Amino acid sequence: MPSITPLTQNWAFTQIGGGPGTKLDEWVPVSQFPTTVHAELLKLERIPDPFIGLNEWDVQWIGEAEWSFKTTFNVESSDLSPTNADLVFEGLDTYAIVALNGNKILETNNQFVTYRVPVKQHLKAGDNELQLTFPSTFLKGKELEKQHGKLALWNGDSSRLHVRKAQYNYGWDWGPVLMTVGPWRPIYIQTYHTRITDLCVKTSVAEDLAVQINVSFALSEHVTSAASVQLKSLDGQTVIGESKINSGTGSGEAHFSFNPGVLDLWYPIGYGKQPLYTVEVKVSDANGGELDSKSEKIGIRRARVVQDELVDEPGRTFLFEVNNIRIFCGGSNWIPADSFLTKVTPEVYRAWLQLLVDGNQNMVRIWGGGIYEPDIFYDICDELGILVWQDFMFGCGQYPAYDSFVESVSLEAEQNVTRLRHHPSIVIFAGNNEDYQVAESLKLDLDYNDETSDYRKGTFPARYIYERLLPAVVEKCSDIHYHRSSPYSGFGKETTDRTYGDMHQWNVWHGSQEPWHNWDILSGRFVSEFGMQGYPNIRTVDYWVGGDKAERHPQSRTMNNHNKADGFERRIELYLVENFKHAFDIESYVYYTQIMQAETLASAYRLWRRNWKGRGREYTAGALVWQINDCWPVTSWAIVDYFLRPKPAYFTIARELRPFTVGMTRKEKKTATVENSAAFFTIETILNIWGTNNTLHEKKATLDVTSFDLHSEWTDNWKKEVVLAPNAATELWSGTLPGQPTRTKLSEVPKTIIVSARLIDESGTVLGRYSNWPEPFKFINFPGVEEIGLKIAIASDGESVELSTKKPIKGIILEVDGEDVKWSDQAVDLVPGDPQTVHAVGLKGRSVKARYLGDGSA
């Protein structure tokens, strides 16, 4: 049997030639392995924390220095008896020269590739020395750029386009410039006589849900051998098996067929269970001795991307169907969880992905400027039922396609598709992030009707990668759908076409900087990016301020360094000043940007879910917010900050992605009463109410609608029995806004009417609630705090907070002094007669403070 020996001990590192990191010829033991230079220097306190203050700029020299790591390891004579001995490097960041006992055995140039090197002839019994030398990837990139030409991009240094390294290391509009270096994934020795080099399990599920499982495997050498293949359930019970497969030719196959219902299918969260099976292959020699075994966990599902014509709108759907169920995908984009990836443990991954599930999200998109995540990430997605949209690692640039670059990309793609293909959670591979948009903005060669060119000689050579190389690899190695880019329309249309494919809707914040209230006219068939910035928790802000009280205000240099977006001050303030009266002290600024982000993003999900109207009318089939996470403490578009503290937007999105929701819009309708006159008209306010149901069964409920006048005791209530159609949005009511008189002059100030709608089931449980307020909020004259009458009551368990009020309240955010707590909800809208309870794990009976619009702070 093959034997694996991890090389995790006795590692030390040095800065070649000496410098700020280590003295000349000083070899410093590492604190962990795998590791990177920044992580080690931080633990040694030889560099300041780049996440604090302006320290990021004091560590730039690390990415331009040359580093070396070395270890000694012992080999027993018996270890040398197998026919083969390989050194395997699962990840070296990025350019490296590897020497074993003084013999150069490898040069690397791709962070995303696993390198396997036969080394038996270089090993010896006793101590062996392995040394990894890392020249500056940044400087290597500059050399390549000089050789092959400078290319256009958004974000980072243009030399990154020539380098197969995590692109966000070069800086992004949410991340720092931190050029990591080192052995970032495991290294081990594998000895064997023969080994299974490839195990491919392809599951095919027919429309009637009958299952075909095809298993193929390959061996490192042709030896007299036989193999067995077994399919086992999660508890280890054999479902079916086939033995005595002749594998003497170096490969073997097995095929299994199952009628519908025999095997349990894998479903996304909210639609069924996530059963996983194990396929196990064992190869034996002529005497029955086991040569090698290999297994993979699989989930069995029928996953399709459906692009059908619509009933009564132009274009086509772009939706995901799993096991014949069409699914509205509400989720998030994912960037790397840290600038220093070796800090991201399996526990951290699980915490992040559990946040998605707890937030009622069912899809995550792995963005193309980071990394192909480790196996544990996808394992957890399989287990939790999270659908994965997987980009290839190209982002926001015009990548080259010269021979050596294409060769490296080909190896990278084949390795990573092969590694990831068995995960049921992965339902799409996309060629890149926004590279076609960059090409459109630069007016490069981009005839979308040209499907035959090679492209490499044109001004957009990377089309060869996205339209020739990557689809061929995906088709050869997997049965997962390939999409050329995100965004990408197809059908000869540009990426901005709202009626085809997926789109990135950045005309809120970027672009034309539309009001967030226009999300309904900014929809697309599948919105795979959109967002709004918001400050993180004040504790996170205080972390990066680092105790410098002079910098603890919104316009300080330190705050500026912890928001990387171009023009962010203008854009934040634009959306604030258009919608809110606000204050500038840091606590208030944090609050108002957070409530702005929460309102913006909730509105998008609410309006786009309304467009999911049933079969043939899936006008918007998904919305993935930019973004769930941060890679360092920063003000960004993330809805959860670096320290896994959810922002209020996380909770407002969670409410809009519940199985049942209710939504409302109010719009003014102006009608001329005298022909050709601008002076005589009426203005009515029209209220529309709809509900959504993402279950597969219709739902009977009571629509309970109460209207309040903020400045009087007037209220209005009515109820209606409704039926929510399955897996669709249902229009429930349309009419004039209760309590709002028809206006005949623009000088007539409308009343401040708040409408609360709830869906209540037969047991009295509130399925969904939403309060609709007149906007912009800055025009509202809020009653005094005493008149509002917010009451905060701590329950006897010390961890439940009941909120009640005399007047409607908008945007309650709860806070405590001292240690943070885990809140079950934030950015709560409250009306009289409908108290709400918020759970607060870790509150321990402490006093709770509340911020809300009209609390007197502005």
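The values are calculated or read from the model by the stated rules, or taken from the named source; none is laboratory data. Since the model is a prediction, treat every value here as computed from it, not as a measurement. Positions of Cβ are backbone-derived with ideal geometry, glycine not excepted, and every protein chain shown enters the neighbour counts.
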Subset of the stretch 814-837, residues part of a strand (DSSP E or B), surrounded by 21 or more Cβ atoms within 10 Å (Cβ to Cβ) and either modelled with pLDDT under 95 or not aromatic (Phe, Trp, Tyr) (or both), comes to 814, 828, 829, 830
Pick out the one residue from 468, 456 that is outside the structural domain of residue 203 (by TED's automatic domain parsing), farther than 20 Å from residue 429 by Cβ and not hydroxyl-bearing (Ser, Thr, Tyr).
456
Residues 850, 827, 858: which one is touching a Gly at 6+ places or on another chain (Cβ under 6 Å) and closer than 25 Å to residue 580 by Cα?
827
Would you confirm, using the coordinates I've provided, whether residue 843 is out of contact with any Pro (no Cβ under 6 Å at 6 or more places or on another chain), in a strand (DSSP E or B) and surrounded by 13 or more Cβ atoms within 10 Å (Cβ to Cβ)?
no
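With respect to residue 550, is the statement that it is under 18 Å from residue 529 (Cα atoms) and at pLDDT 95 or above true? If you could, list the steps in order and put the result at the bottom.
Values: under 18 Å from residue 529 (Cα atoms): no; at pLDDT 95 or above: yes.
No; evaluated as a whole, the condition is false for this residue.
Output the number of residues of the stretch 150-173 satisfying the condition of being within 28 Å of residue 106 (Cβ to Cβ) and part of a loop (DSSP other than H, G, I, E, B).
Taking the stretch 150-173 as the starting set, the residues that turn out to be within 28 Å of residue 106 (Cβ to Cβ) are 156-157, 159-170.
From what's left, part of a loop (DSSP other than H, G, I, E, B): 156-157, 163, 165-166.
Qualifying residue count, the stretch 150-173: 5.
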Of all the strands (runs of 3 or more DSSP E) wholly in the stretch 179-258, which have at least 3 residues that are surrounded by fewer than 17 Cβ atoms within 10 Å (Cβ to Cβ)?
196-205, 211-219, 238-246, 251-258
Checking the conditions here, which among 417, 364 is part of a strand (DSSP E or B) and either among the charged types (D, E, K, R) or assigned by TED's automatic domain parsing to the domain that holds residue 529 (or both)?
364
Got a sec? Which strands (runs of 3 or more DSSP E) wholly within the stretch 425-531 have at least 2 residues that are among the aliphatic types (A, V, I, L, M)?
426-430
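Per-residue answers, yes or no, for (1) in a helix (DSSP H, G or I); (2) charged (D, E, K, R):
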residue	(1), (2)
293	no, no
297	no, yes
313	no, yes
331	no, no
337	no, no
351	yes, no
372	no, no
383	yes, yes
Can we say residue 279 is more than 30 Å from residue 632 (Cβ to Cβ) and in a loop (DSSP other than H, G, I, E, B)?
no
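I need a count of the residues in the stretch 739-791 that are part of a loop (DSSP other than H, G, I, E, B), touching a Gly at 6+ places or on another chain (Cβ under 9 Å) and basic (Lys, Arg).
Residues of the stretch 739-791 that are part of a loop (DSSP other than H, G, I, E, B), as a first pass: 739-742, 744-752, 761-765, 773-776, 780-784, 789-790.
Pick out the ones that are also touching a Gly at 6+ places or on another chain (Cβ under 9 Å) and you get 751, 780-784.
Right, trim to basic (Lys, Arg) and you get 751.
Counting residues in the stretch 739-791 that are part of a loop (DSSP other than H, G, I, E, B), touching a Gly at 6+ places or on another chain (Cβ under 9 Å) and basic (Lys, Arg) gives 1.
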Return the total of residues in the stretch 1-55 being within 29 Å of residue 87 (Cβ to Cβ), of a type in the set (A, V, I, L, M, F, W, C) and assigned to a loop (DSSP other than H, G, I, E, B).
9
Give the residue that is nearest to residue 656 (Cα to Cα), with candidates limited to residues of the stretch 685-726 that are surrounded by fewer than 18 Cβ atoms within 10 Å (Cβ to Cβ) and among the small types (Gly, Ala, Ser).
725
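Checking the condition farther than 30 Å from residue 384 by Cβ and under 28 Å from the mean Cα position of the chain (by Cα), which residue from 456, 463, 419 passes?
Numbers: 456 fails: under 28 Å from the mean Cα position of the chain (by Cα); 419 fails: farther than 30 Å from residue 384 by Cβ.
Among 456, 463, 419, only 463 is farther than 30 Å from residue 384 by Cβ and under 28 Å from the mean Cα position of the chain (by Cα).
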Looking only at the stretch 486-529, how many residues end up being within 21 Å of the chain's Cα centre (by Cα) and either on the phi > 0 side of the Ramachandran plot or outside the structural domain of residue 366 (by TED's automatic domain parsing) (or both)?
2
